[in-house]
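Working notes for the structure below.
The values are calculated or read from the model by the stated rules, or taken from the named source; none is laboratory data. Bear in mind the structure is a predicted one, so any value in this text is a computation, not a measurement. FYI the Cβ positions are ideal-geometry reconstructions off the backbone, even for glycines, and counts take in every protein chain you see.
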Amino acid sequence: MNKNLTIVSFLGMLTIVLGAFGAHALKEQLTVSDFQSFETGVRYQMYHVIVLLFVNIFIEFSEKFKRNVTLVFLIGILFFSGSIYAITIAGISAKSIWFITPLGGLLLILGWGMIFTHFIKKSIFKR
């Protein structure tokens, strides 16, 4: 769990740094559309950092489950938010990495599905 919380705290710190960088350094450099995309990447990253914090401190989740959800969300964040950052900041063509953003989104959905399935199984079998 300690390793997971280290990853989560780093991602949280990085999210704040990126948000501040966007608000102060990029706002005048990006188009309105690109800036909105960048903000979406930051927002989704923070949402999932908060969820990862919950997952990794929730005592009813096994260590294996925590590792698996953390890995799925970590890769999802890297693909989803990371590809948005690459497109908006680095100027990489969206056409060249078009498949990475939705793949990241699917991984984020998968992580939520894993959590949902866990709670469904617990509620069904406890009756």
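The table below lists the values:
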item: Checklist (1) without any contact (Cβ under 8 Å) to a residue 12 or more places away in the chain; (2) surrounded by 13 or more Cβ atoms within 10 Å (Cβ to Cβ); (3) small (G, A, S) applied to S33, failing item; result: (2)
item: Enumeration of residues in region 79-116 that are over 20 Å from V49 (Cα atoms), assigned to a helix (DSSP H, G or I) and among the hydroxyl-bearing types (S, T, Y); result: T88
item: E60 vs. criteria touching a Lys or Arg at 6+ places or on another chain (Cβ under 8 Å) and not in a helix (DSSP H, G or I); result: yes
item: Among the residues listed as G22, G41, the single one being surrounded by 19 or more Cβ atoms within 10 Å (Cβ to Cβ), at negative phi, more than 13 Å from the chain's Cα centre (by Cα) and not aromatic (F, W, Y); result: G22
item: Pair list, Cβ < 8 Å and 6+ apart or interchain, from region 91-117 residues that are within 28 Å of F58 (Cβ to Cβ) and in contact (Cβ under 8 Å) with a residue 60 or more places away in the chain to residues that are part of a helix (DSSP H, G or I) and of a type in the set (G, A, S); result: L108/G76; G111/G76
item: Options F54, F79, F65, F119: the member that is over 19 Å from the mean Cα position of the chain (by Cα), among the hydrophobic types (A, V, I, L, M, F, W, C) and under 30 Å from N2 (Cβ atoms); result: F119
item: Residue match in region 53-62 (condition: of a type in the set (A, V, I, L, M) and in contact (Cβ under 8 Å) with a residue 60 or more places away in the chain); result: yes
item: Tally of residues being modelled with pLDDT of 95 or more and either of a type in the set (F, W, Y) or outside any helix (DSSP H, G or I) (or both) across region 1-20; result: 1
item: Meets criteria (of a type in the set (G, A, S) and in contact (Cβ under 8 Å) with a residue 40 or more places away in the chain) for G41; result: yes
